[in-house]
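The values are calculated or read from the model by the stated rules, or taken from the named source; none is laboratory data. Bear in mind the structure is a predicted one, so any value in this text is a computation, not a measurement. Note that we place each Cβ from the backbone using ideal geometry, even for glycine, and neighbour counts take in every protein chain shown.
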Amino acid sequence: MNQADELLTAGKIAEKLAVPPAKIKKAITTLNIQPDNVKGGCNYYNTATIAKIKKGLD
């Protein structure tokens, strides 16, 4: 898997963007973003979706 295919959970996205996890989860909910993959009940988001979430934080 290369960097473009990286899948992260909301918590890992929060760490990467240096914002509280609650802000990430609120942006996901507000923007009605669906996970790119679900494994073991955890939602994972790819880099394109992470960019959308980041825009939703502004």
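For this structure, a couple of remarks:
- Checked against the criteria, Asn32 does not count as modelled with pLDDT of 95 or more and on the phi < 0 side of the Ramachandran plot.
- All conditions in (1) in contact (Cβ under 8 Å) with a residue 24 or more places away in the chain; (2) touching a strand residue (DSSP E or B) at 6+ places or on another chain (Cβ under 9 Å); (3) not small (Gly, Ala, Ser) hold for Ile24, with the sole exception of (2).
- Residues located in the range 1-25, provided they are exposed (fewer than 12 other Cβ atoms within 10 Å of the Cβ), part of a helix (DSSP H, G or I) and of a type outside the set (A, V, I, L, M, F, W, C): Gln3, Asp5
- Number of positions in the range 26-46 that are of a type outside the set (Gly, Ala, Ser) and surrounded by 16 or more Cβ atoms within 10 Å (Cβ to Cβ): 7
- Take the conditions (1) out of contact with any helix residue (DSSP H, G or I) (no Cβ under 7 Å at 6 or more places or on another chain); (2) at pLDDT 95 or above; Ala27 misses just one of them, which is (1).
- On the stretch given as the range 26-49, residues that are in a helix (DSSP H, G or I) and either under 10 Å from Thr9 (Cα atoms) or polar (S, T, N, Q) (or both) total 4.
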